[in-house]
Amino acid sequence: MEFSNIKLIEPTIEYEKDIWQFRQEIISSNDMDKFAGCGNLEKCFSAKEWIDTIKLHKTVETCPKDKVPSMIYIAVRETDNRIVGIIDLRYHINTPILSTWGGHMGYYVRPNERKKGYAKEMVRQNLQNCKALNIKKVMITCDANNSASERTILSNGGVFEKNVEVDGCIIKRYWITLK
């Protein structure tokens, strides 16, 4: 397993080319959960625009009124400084969508970097970020058909709560209690 050599960091312009390649790989993929945890990366016209948007979402004062303050991290493999994934952290889930099926975090691992333990490690590290924000219970969800994401959640202490239906899809809700 290679997962132990990644770090979650705030996206910077240093990673501009890799961010844009990552975006193109998501667009080209056949994934159902395209752009999960990636904020508005899909809608941005440049990596710089995406990075600037992320910065606005970091504080209550600058976060758009229709959004929840959050932080997005890139998961960078330390051996080659390559982005292997993106994960977000929503500071609270006090909205109808987030409290029903969105949860505190979403994540996406590059298709050619899957099955290496990166998602598990990304969630583990992001749970430490949750602790730093004093979030005691973390909701994470996944599509009922996404067994890889379900294993990631379970391996990080997720406890199944219930299924919810969203637009004809079944979403599994899990809670992780932080000590």
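Just read off the accessible area of W20 with the full protein assembly in place, 1.4 Å probe, to the nearest 10 Å².
Here the accessible area works out near 70 Å².
Cα extents of the chain along the three principal axes, largest first, in whole Å?
Sorted from largest, the Cα extents of the chain read 41, 40, 35 Å.
What part of the accessible area of region 33-179, given as a whole %, is carbon or sulfur when the probe is 1.4 angstrom? Before the final figure, lay out the partial values.
Numbers: 3980 of 7460 Å².
The C+S portion of the solvent-accessible surface of region 33-179 is 53 percent.
Spelling out what I want: for every residue of region 48-55, take phi, set θ = phi - 60°, compute 6.51 cos²θ - 1.76 cosθ + 1.60 (Karplus), and round to whole Hz; glycine and proline get x.
These are the phi-based 3J(HN,Hα) values: 4, 4, 4, 4, 4, 5, 4, 4 Hz.
Of F160, F22, F45, which is the most mobile in a GNM of the chain whose springs link Cα atoms less than 10 angstrom apart?
Sorting by GNM fluctuation, first place goes to F45.
Past 26 Å, Cα to Cα, is the threshold; run K34/K67; K7/K162; K7/K48; K17/K43; K34/K55 against it and keep the listed order. Before the final figure, lay out the partial values.
Values: K34/K67 20 Å; K7/K162 31 Å; K7/K48 21 Å; K17/K43 17 Å; K34/K55 22 Å.
Check vs 26 Å cut-off fails for K7/K162.
What are the residues whose amide H is under 5 Å from the amide H of R114, where those residues sit 5 or more places off or on another chain and H is modelled from the backbone?
none
Taking K and R as +1 and D and E as -1, what net charge do the other residues with C-beta under 14 Å from the C-beta of Y91 add up to?
Values: positive: K58, K67, R90, K131, K136, K137; negative: E61, D88.
Charge balance in the 14 Å sphere: +4.
When ligands, DNA and RNA are left out and all protein chains stay put, how many square angstrom of accessible area per residue does the chain have with a 1.4 Å probe?
Numbers: 9560 Å² over 179 residues.
On a per-residue basis, 53 Å².
Report relative contact order for region 57-112 in percent, whole number only (criteria: Cα-Cα under 8 Å, sequence separation at least 6). Please report the intermediate quantities before stating the final value.
Values: 83 pairs, mean separation 14.9, N = 56.
Taking the mean separation of contacting Cα pairs over the length of region 57-112, I get 27 percent.
Measure out, as a whole number of angstrom, how far apart the alpha-carbon centroids of region 111-128 and region 96-110 sit.
Between the Cα centres of region 111-128 and region 96-110 lies a distance of 15 Å.
Give, as a single signed number, the net charge of other residues whose beta carbon lies under 15 Å from the beta carbon of L56, with Lys and Arg counted +1 and Asp and Glu -1.
Working: positive: K43, K48, K55, K58, K65, K67, R90; negative: E10, E49, D52, E61, D66, D88.
Counting the neighbours of L56, the net charge comes to +1.
Counting other C-beta atoms within 10 Å, and keeping those with at most 14, which DSSP coil trypsin sites (Lys or Arg not before Pro) do you find in region 36-66?
Values: sites: K43, K48, K55, K58, K65; in loops: K43, K58, K65.
Sites meeting the loop and neighbour criteria: K43, K65.
Once the convex hull of the alpha carbons of region 105-179 is built, what does its volume come to per residue, in cubic angstrom?
Working: hull volume 7.0 nm³, N = 75.
Taking only Cα atoms, region 105-179 has a hull volume of 93 Å³ per residue.
Per 0.36 nm of contour for each residue apart, how much would the distance between E14 and D52 grow if the chain were fully extended, relative to their Cα-Cα spacing? Intermediate results must be reported in sequence, preceding the final value.
On the way: separation 38, 0.36 × 38 = 13.68 nm, distance 1.34 nm.
Result: 12.3 nm gained on full extension.
Relative contact order of the chain, please, whole-number percent, based on alpha carbon pairs below 8 angstrom and at least 6 residues apart.
Details: 308 pairs, mean separation 35.9, N = 179.
So the answer I get is 20 percent.
Lys and Arg at +1, Asp and Glu at -1: add these up for the other residues within a Cβ distance under 11 Å of M71 and post the number. List each step's numbers first, then the result.
On the way: positive: K55, K58, R90; negative: E10, D88.
Local net charge: +1.
Using modelled backbone amide H atoms (1.01 Å from N, in-plane), which distant-in-sequence or interchain residues come within less than 5 Å of G85's amide H?
A75, R110
Expressed in whole Å with the largest first, what are the equivalent ellipsoid semi-axes of region 11-74 derived from the C-alpha gyration tensor as the square root of 5 times each eigenvalue? Walk me through the numbers on the way to the answer.
Details: eigenvalues 89, 41, 15 Å².
Semi-axes (√(5λ), whole Å): 21, 14, 9.
Mind giving me the nanometre distance, one decimal, between the label points for E25 and V164, set 7 Å out from Cα along Cα→Cβ?
A separation of 3.0 nm, rounded to one decimal place.
Determine how large the accessible area of R173 is when every protein chain is in place; take a 1.4 Å probe and give Å² rounded to the nearest 10.
20
The values are calculated or read from the model by the stated rules, or taken from the named source; none is laboratory data. This is a predicted model, so every value here is computed, not measured. Neighbour counts are summed over all protein chains in view; Cβ atoms, including those assigned to glycine, are modelled from backbone coordinates with ideal geometry. Each accessible area value is taken on the protein alone, full model and side chains, heavy atoms only, with ligands, DNA and RNA left out. Shrake-Rupley method; radii C 1.70, N 1.55, O 1.52, S 1.80 Å.
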